[in-house]
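So the structure is just underneath, and the comments pick up after that.
The values are calculated or read from the model by the stated rules, or taken from the named source; none is laboratory data. Everything numeric in this text was worked out from a predicted model, so none of it was measured. Glycine gets a Cβ as well: all are built from the backbone with ideal geometry, and neighbour counts include every protein chain shown.
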Amino acid sequence: MTESAAPTTAAVRVLVRKVLTICECPGRTELLAQVDGIEYIDGPVTMMRLHVPRSYPPAAGVPSPVPDASPTVLNDHGEPIGGLIIWLDNDGYIDLLEYWWVTDDMPTTLPALDQIERT
């Protein structure tokens, strides 16, 4: 396994916004409003721990992981190599972004926006 550089908060925000924009999920309006407040805390790109200040609106009543907000990540040939899952804390705030994979090697960088497809 190769060690990777930590993702930037800006890159994580762009990625989460893309996921929420292409997917139709409960609480989407509130979750999109939280994106500007997302802060990357720690963790590898496969399980990024995030924080959203409580000054943003919660997505109350939305289950975690967020249903219908799990796009597929494709390789350069259009083949699925993994996917993304948004997890919320108990108060309805974005808490984790999981990047799962089906390849032999764990991802070490965030996927490009054009690799993300709604499933």
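Below is a table of values for the structure above.
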{"item": "Residue count, the range 9-24 (criterion: in a helix (DSSP H, G or I) and more than 11 Å from the chain's Cα centre (by Cα))", "result": "4"}
{"item": "Selected residue (only one of Asp104, Asp114 is free of Cβ contacts under 8 Å to residues at least 24 places away in the same chain, over 19 Å from Ala6 (Cβ atoms) and not in a loop (DSSP other than H, G, I, E, B))", "result": "Asp114"}
{"item": "Scope the range 38-87; condition in contact with a strand residue (DSSP E or B) (Cβ under 7 Å, 6 or more places away or on another chain) and hydroxyl-bearing (Ser, Thr, Tyr); matching residues", "result": "Tyr40, Thr46, Ser64, Ser70, Thr72"}
{"item": "Conditions (1) surrounded by fewer than 18 Cβ atoms within 10 Å (Cβ to Cβ); (2) at positive phi; (3) at pLDDT 95 or above: number failed by Gly92", "result": "(1)"}
